[in-house]
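Data first, discussion second: the structure below is written as structure tokens.
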Amino acid sequence: MNIAIVAPGSVPAIVGGAEKLWWGLTDHINQLTAHRAELIKLASPERNFTELMASYRQFSELDLSRFDQVITTKYPAWMVSHPHHTVYLQHKLRGLYDTYHFTGKPEHMDAGALGRAPGAVQALIRTTGQQSCGRDVLPQFWQQLDEAIAAAPDCFDFPGPLTRRLVHFLDTVALQPQYIQRYFAIANNVATRTDYFPPGVEPVVIYHPSDLPEFRNTGDDYIFTISRLDAPKRVDLLIAAFMQTPGDIELRIAGTGPQASALQLQAASDPRIRFLGGISDAATIAQYAGACFVPFVPYDEDYGLITIEAMQSGKAVLTTTDAGGPNEFVRHGQTGLSVAPTAAALANAMTTLLADRPQTRRMGQRAAALTQGITWRATVSGLLGDGDNDQEGMGDKGEAASSRSPARQKWLVTVTFPVWPPRGGGQSRVYNLYREIAKTHDVTILCFTEPGDAYASTVLAPGLTEVRVPRSAAHHHWQRQLECSLATPLGEAVSVGDIAVIEYFQHSPRYLAELKQLAAEADVVIASHPYTYRALRHVYRGAVWYEAHNVEYDMKAAILPDTDLGRHWLATVRGVEGDCYREAARVLACSASDLQRLQALYGATGAATCVVPNGVVIHTSIALLQARRHHLRQRLGIEKFFSALFMGSWHGPNITAVEWLVANAEQAPRVQFLLVGSVCQHPVCAPLALPPNVHNLGMLDEDQKNLLLAAVDLAINPIISGSGTNLKMLDYAAAGTPIMTTPFGNRGLPFVGGAGVVIAELDDFMRNLRDISQKGLGSDQAFSVNSGFDLAATLEWAKLARHFLVNLYE
């Protein structure tokens with residue numbers, strides 16, 4: 001079989017992970033198989049939008065009919081047309097996808113600007129707005145694009161909302177399932193990125209090795225790293241950390257790139273730092289061999305061949321929790337260290353690795369064992385389908401397991417609501433906790449959705465599947481009846497979707513059939529909240545774990561009306577929660593106080609109990625946005641006043657907090673209060689009911705929320721009721737946003753007064769807020785982004801899940 005590996009050639013030419021993959025694939029297909037592979041590269045400059053579009057067009061018109069199969073890995077090469085096209089995806093144009101938010105530009109064209117655009121531009125936009133366009137639209141698209149650029153070149157800001165739209169359109173057309181035979185990804189981090197693969201497509205992850213011919217381990221005399229000297233690799237952060245590290249060991253940095261001069265200037269005062277420049281493969285092998293450990297601290301790296309090269313050289317790797325791909329191999333304390341992306345955290349980690357050389361060497365040995373199954377034979381075999389992928393099933397041997405290892409346990413998690421996208425606290429907990437667990441277990445989340453929705457089974461991340469079953473018409477009818485019956489005398493609705501499941505689940509037979517089958521296949525069954533427990537017991541008699549997000553009896557007591565019907569349903573909640581707690585084989589709670597409260601309500605349980613706190617996803621993007629804070633404040637229109645943000649879901653404690661805020665906001669007239677989240681849909685947040693300095697911003701997506709967190713003066717948490725811990729506090733801290741909270745809102749969390757956190761009783765809340773809005777935060781209360789990361793990093797989801805699993809299997 002004649003195979004074409006089709007790739008874009010950078011202008012100017014560079015050598016990186018992409019080039020190493022293309023060379024390695026070409027060489028090893030030819031060496032290890034009977035097939036013949038040829039690397040076809042077309043010069044693909046992207047210094048401006050016109051050049052980029054020309055590159056997309058040349059690949060779309062390339063004739064590859066002489067080949068039996070085509071493999072592409074990167075934009076714009078996948079524009080090629082071939083009946084046997086395999087995509088082994090490295091990354092899309094990241095500046096228009098997962099790092100676009102760094103630009104601070106809108107995702108979509110302003111409606112006014114669109115209305116003023118010339119007709120040629122509007123015609124182009126209409127074409128790209130068509131649903132499910134095929135390749136047959138491309139000739140029309142190229143013609144319209146030429147006409148639009150000629151008519152209105154100023155519209156094509158690069159990067160910008162229009163150019164982003166056009167690239168997304170072309171990628172969507174090219175990667176549709178009718179044009180691609182098989183989808184692969186180089187890492188889980190790539191496989192799970194938003195908009196990288198078509199809906200419903202589950203790419204197979206195949207980790208590929210380096211093209212270096214050998215690896216050695218000869219000593220531990222210095223610290224070594226190698227990468228392109230460019231901003232995303234954050235070598236500047238590494239240098240800043242190393243300069244805080246004591247000792248006389250040398251840091252050697254190999255590589256070239258646009259930041260080389262600036263980095264050398266940064267390091268000029270520390271004679272221990274040595275820049276090696278571009279070095280040969282032989283020199284690279286030798287440098288790895290003699291290193292004590294290898295630091296690699298990029299932001300959201302696709303995969304990170306440096307990690308694999310270092311580990312296969314028997315070296316521990318130091319990385320950061322937001323590094324992306326490296327964290328698929330860096331197991332904290334086992335094969336290296338993964339710490340918060342701050343100079344202080346990295347300096348502490350380097351000191352630790354240098355102080356205990358025997359332990360660091362043991363980490364390197366485990367790292368080598370973990371990655372020994374990543375070979376070109378395994379990569380080629382998996383990609384071409386010529387045999388079993390050698391990476392499959394390696395988890396049993398302590399090696400790098402693929403995302404479909406047959407030895408992985410199956411876990412079933414039942415909830416009453418979809419978890420994607422994770423906007424509310426419950427969604428965030430379920431998605432983020434089980435996404436981490438899915439790295440070593442196959443996790444299925446079974447949930448209800450609206451009756452008009454379609455049944456769907458969707459891969460949210462490698463190993464993590466969400467199955468959505470619509471409520472039946474009868475189930476929905478009785479739920480609506482209950483909602484109307486529990487409405488307050490003023491007509492305010494009470495959210496009843498969860499408690500309705502307790503009694504009305506039998507009206508949804510498809511759900512029960514799905515639940516029965518999935519539970520029978522599972523090694524572990526988890527009721528996340530107690531509301532599905534009766535449904536579980538209706539079809540399944542095995543052991544059930546109970547994951548208690550809160551004490552649900554207390555939560556519902558705060559929102560159910562004090563009527564006969566309200567008291568009946570509160571008693572129903574207490575009954576099912578008590579049964580679930582007492583009969584569970586294992587109980588997971590968000591805090592020790594929740595476990596104590598459950599025991600006070602329901603007595604002792606024979607189950608093993610553990611605390612899995614609420615966690616946080618740390619985004620360094622927010623840290624970078626903070627640096628552009630003044631611009632963001634101007635863009636959001638909040639630069640002229642003191643802004644205080646409250647985020648919350650439609651949940652009793654949040655509703656109570658907003659009611660208090662609305663009643664007392666005028667005591668702090670200099671403060672503009674910004675409300676975000678589903679609590680904004682509650683009648684108390686109706687615009688006409690709000691004081692002039694309280695603003696309902698509604699539901700925001702993750703990027704919008706991050707922008708707001710980076711721009712506001714203060715985040716507030718005036719909570720006085722509820723259970724569990726407040727996820728919003730962790731989001732605030734991870735963003736480096738100063739916080740004011742009640743003591744109750746801070747329960748179960750590691751925050752103390754000062755260092756960016758003001759703790760005030762509700763009676764003193766507005767007085768403190770007035771003082772801060774007039775005088776600013778004191779120096780002891782200044783909250784740096786780094787301190788926020790350090791505080792939140794202790795509760796990062798990856799660490800919490802890892803700690804839980806370690807304790808579980810001890």
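Below is a table of values for the structure above.
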| read-out | value |
| --- | --- |
| Under 27 Å from the Cα of Lys20 - lysines, other chains or at least 8 residues apart | Lys41, Lys74, Lys92, Lys233, Lys315, Lys439 |
| Inter-probe distance in nm under a simple model that places probes 7 Å from Cα toward Cβ, at Ala487 and Lys799 | 4.8 |
| Cα radius of gyration and Dmax for the chain (Å) | 27.7, 80 |
| Amide H contacts of Met740 (H built 1.01 Å from N, under 5 Å, at least 5 apart or other chain) | Ala715, Ile716, Asn717, Val758 |
| In Hz, Karplus ³J(HN,Hα) per residue of the range 142-148 (6.51, -1.76, 1.60; θ = phi - 60°; x = Gly, Pro) | 4, 5, 5, 5, 4, 5, 5 |
| Listed peptides 512-523, 710-721 by packing density, highest first (mean Cβ within 10 Å) | 710-721, 512-523 |
| Prolate/oblate/rounded label for the range 197-249 (Cα gyration tensor, a/c 1.5) | oblate |
| Net charge of Cβ neighbours under 14 Å - reference Gln90; Lys, Arg +1; Asp, Glu -1 | -1 |
| Local net charge near Ser773, Cβ-Cβ under 12 Å (Lys/Arg +1, Asp/Glu -1) | +2 |
| Length-normalised contact order for the range 451-518 - Cα pairs under 8 Å, 6+ apart - percent | 27 |
| Relative contact order %, the range 490-581, counting alpha carbon pairs below 8 Å whose residues are six or more apart | 28 |
| Eligible aspartates and glutamates near Lys640 by straight Cα distance, threshold 19 Å, same-chain separation 8 or greater | Glu666, Asp713, Asp771 |
| Per residue, in Å², the accessible surface of the chain once ligands and nucleic acids are set aside, probe 1.4 Å | 39 |
| Rough spin-label spacing in nm, given labels placed 7 Å along Cα→Cβ, for Gln178 and Ala123 | 2.5 |
| The range 657-742 shape via C-alpha gyration tensor axes, a/c threshold 1.5 | rounded |
| Neighbour net charge for Ala548 - beta-carbon separation under 14 angstrom, K R +1, D E -1 | -2 |
| Sorted peptide list for 502-509, 479-486, criterion being average Cβ within 10 angstrom, highest first | 502-509, 479-486 |
| For q = 0.12, 0.17, 0.21 Å⁻¹, Debye-computed log10 I/I(0) when each Cα of the range 135-257 counts as one equal scatterer | -0.82, -1.07, -1.22 |
| Unit charges on C-beta of K, R, D, E only; dipole of the chain, Debye | 260 |
| Peptide ranges 236-242, 659-665, 293-299 listed from the most packed, as the mean C-beta count within 10 angstrom indicates | 293-299, 236-242, 659-665 |
| Relative contact order of the chain, pairs being alpha-carbon contacts under 8 Å that are 6 or more residues apart, as % | 8 |
| The chain: calculated mean residue ellipticity at 222 nm from DSSP helix runs of at least 4, using -39500 (n - 2.57) | -11500 deg cm²/dmol |
| Residues Ala571 and Asp764, FRET efficiency given R0 of 51 Å [Cβ-Cβ distance, rounded to 0.05] | 0.85 |
| The range 469-543 - Rg (one decimal) and Dmax (whole number), Cα, Å | 14.2, 48 |
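The values are calculated or read from the model by the stated rules, or taken from the named source; none is laboratory data. Since this is a predicted model, take the numbers as computed values, not measurements. When we count neighbours, we look across all protein chains shown, and the Cβ atoms used for this are built from the backbone with ideal geometry, even at glycine. Protein only, heavy atoms only, side chains kept; ligands, DNA and RNA dropped before computing areas. Shrake-Rupley method; radii C 1.70, N 1.55, O 1.52, S 1.80 Å.
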